[in-house]
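Read-outs: derived from the displayed coordinates by stated rules, not from any lab. Worth saying up front: this structure is predicted, and the values here are computed from it rather than measured. Counting neighbours? That spans all protein chains shown, and the Cβs are built from the backbone with ideal geometry, glycine included.
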Amino acid sequence: MSSKKIIEHSEAATRFNKDVERVNWHDETLWFVREKRDRAAHNIPDWELLRETASQIKNNVLSNIHDYLVEFEANAQKNGIIVHWAADAKEHNEIVHSIMAKHDVKQMVKSKSMLTEECHLNDYLAEKGIEVIDSDLGEFIVQLRKEPPSHIVLPAIHLKKEDVSETFHEHLGTEKGNFDPQYLTESARLTLRNTFLTRKVALTGVNFAIAETGEFVVCTNEGNADMGAHLADVHIACMGFEKLIPQRKHLGVFLRLLARSATGQPITTFSSHFKKPRDGKEIHIVIVDNGRSTQLGREDFKNSLKCIRCGACMNTCPVYRRSGGHSYHNAVAGPIGAILAPNLDMSKNADLPFASTLCGSCTNVCPVKIDIHDQLYKWRQVLVKEGHTPAAKTVAMKTMATVLANPMIFNIAGKSGRFVMKNIPALVNNKMNKWYDQREMPSVPEESFREWYKKNSREAKAKKDEQ
Amino acid sequence: MSSKDQILQKIKNSQPNIVADLPDLNILGSDQFEVLDTYKTVLKNIGGDFVEVANYDEISAYLKQNYALERRIITTVPELSEVAVLDWKNEDPHLLQNVELTIIKAHFGVAENSALWVTDDILGQRVAPFITQYLAIIVNKSDIIPTMHQAYERIGNQEYGFGTFIAGPSKTADIEQSLVLGAHGARGLIVFLLE
């Protein structure tokens, strides 16, 4: 576990916003992905019905997950898959390590798994002397730079091709100043091909696990999960227990939604169904809880477990687009990350539900209809109640509550506020005022609404009396 | 108590008492469109290509003309033994690393996303469609179906150790969202649409 001091979202966002040109580029690039999603969705007449159906399937899963897990394990075992259960991140990491140790292997090739990011598996294995290479191109890039992914689907979306070129020049010996994505991708392909050919253990994530058949599905565009898994002796697949779906035919619904929501593609290039290991080889599945059963018990937040990790809520979020994934200091960033993270650690992630305008765009694009913005709002209430908000904000809110509850104080406060802003604006337009940080103060009206109303209602009454 | 029992117990305590109903899937995937045309358009859009052929001889002729036959070409289709080798299925999969072109058959294709369904009984080796530089897949025109719902109806309880939908060549856009074909898998996909 990293013990680095966490920089709060607002502070990290401020830093991110110093480079205006880059922020604009980041914003537009993600919005472009959102637009691709829209075009793909509008091509499907059944789109809204699909979302509703997916949501209902996930509701069914969350209400019956105990039995589905038991069914899945039994079927997977029948297929010759070895199933492990991990209560938390530590146990997950220990299980993965024990499999490596049993086979006496010191190197692993890994395809994308946000769960292993959540569990900080790479750090753990590094301490044990095991080398992990991330094979998804975006993850490979950020791994070389010793950064976490900034987006669950587009891990290196915060980087420009110049950055990648610099990184590859340093680590892979590519030509300095060659920014061509084709050239850079080719060099990574050649390097990683050698990795795939020499690794005995491959780890992948899981997009969907099917209770009925005991198989699991991994979706990639690059083919990296398959290159790793089909060449290795041991395939380890790690999944949060919420990845379960009841039956094979339900994949029809989710595979229609996933890539269209994520990148606007009609489907990922590869949707691989792993049911049995190859002859003489092993497949292990690690089923992880790590706080999920707690979230399942939170009535207001359990729906967050419906998430299929498409990233659509990030691409559409005005705050994510202008603050970047790293500002969320959590494996899953953006709106969905902000409702998952407080469950893992409330005090560490108390800032995240506030990193939102509550505009609701995330909820509108979510393929499984998670009420994301409602949950952000509800988390704020929980966090304030449990005392996880900063003192300055608590005092300010309490003061505001007193002022708003008392007409006389409200009147005086309004009058003095208008006087100050009109005559000594420097008293509020300064760095001490957090509100002024990102905003202009409003222009000062001559009178308050209350004064205007009093005057006008008197005039109106006088007029009425005349008649 | 084992972690398994602990997790299952916690889930039991947390999950609601009433099981929510599963929705009806039969109302999905009924939209009408020109299936073969859609298949072709979508395939082109995602970086794949197609050739319409009447028989295997036409496939052989096309391959002779368009691929370097002196490189290693493998197939699972006996009719193509003139242009490709058949005896690689029991090799160590790592030895397929120098394959230039793999030619396989698909069970069926899906029009809405151009994906082709293949399983290990027709793959020869699981890694074959991934490790190759280029990939060619043969599918009967009559086996193109509209959507993923029909796809899973067709798969039904099919038994396999491994199966995958392949839609276009391997690709990435991880560098500044610039699309590059040929990430880790095949650099190109050609689909032979067979009469």
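Points to keep in mind about this one:
- Peptide A:334-340, shielding by other chains (average Cβ, 10 Å cutoff): 0
- Distance from the C-alpha centroid of the stretch B:1-35 to that of the stretch A:21-71: 16 Å, rounded to the whole angstrom.
- To the nearest ten degrees, helix A:372-385 and the longest principal axis of the Cα atoms of chain A are 70 degrees apart.
- When the square roots of the Cα gyration tensor eigenvalues are ordered a ≥ b ≥ c, the ratio a/c for the stretch B:34-194 is under 1.5, which makes its shape rounded.
- Amide H within-cut-off set for residue A:152, under 5 Å, with H built and near neighbours excluded: A:333
- Taking the fewest neighbouring Cβ atoms within 10 Å as the starting point, the ordered list for A:459, A:139 is A:459, A:139.
- Euclidean distance between Cα centres, the stretch A:414-431 to the stretch B:82-147, Å: 73
- Principal-axis analysis of the Cα atoms of chain A puts helix A:20-42 at an angle of about 70° to the longest axis.
- Percent antiparallel among DSSP beta bridges (both partners in the protein assembly as shown, rounded to 5): 30
- Relative contact order of chain B, defined on C-alpha pairs under 8 angstrom at six or more residues apart (%): 25
- Note, ³J(HN,Hα) from phi for the stretch A:180-193, Karplus 6.51, -1.76, 1.60, rounded to Hz, x at Gly and Pro: 5, x, 4, 5, 5, 5, 4, 5, 5, 4, 5, 4, 6, 4
- Partnerless Cys - chain A, beta-carbon criterion under 4.7 Å: A:119, A:219, A:238, A:307, A:310, A:317, A:359, A:366
- The stretch A:52-166 shape via C-alpha gyration tensor axes, a/c threshold 1.5: oblate
- Helix-only arithmetic for chain B: the sum of -39500 (n - 2.57) across DSSP H runs with n ≥ 4, divided by the residue total, places the mean residue ellipticity at 222 nm at -7000 deg cm²/dmol.
- Per-residue Cβ neighbour rank within 10 angstrom, fewest leading, A:379, B:88, A:452: A:452, B:88, A:379
- Average beta-carbon neighbours from other chains, 10 Å sphere, peptide A:250-259: 5
- Order of A:308, B:175, A:99 - criterion: other Cβ atoms within 10 Å of each residue's Cβ, fewest first: A:99, A:308, B:175
- Inter-label distance, nm, simple model (7 Å from Cα along the C-beta direction), residue A:175/residue A:160: 2.0
- Karplus-derived 3J(HN,Hα), 6.51/-1.76/1.60, for each residue of the stretch A:49-66, Hz, glycine and proline x: 5, 4, 4, 5, 5, 4, 4, 5, 4, 5, 4, 4, 4, 5, 8, 9, 5, 4
- Among beta bridges from DSSP that stay inside chain B, the antiparallel ones total about 25%.
- Test item: B:29-39 mean partner chain Cβ contacts at 10 Å: 1
- Overall, the anisotropy analysis places the stretch A:44-290 in the oblate class: the square-rooted eigenvalues a ≥ b ≥ c of its C-alpha gyration tensor yield a/c not less than 1.5, with a/b not exceeding b/c.
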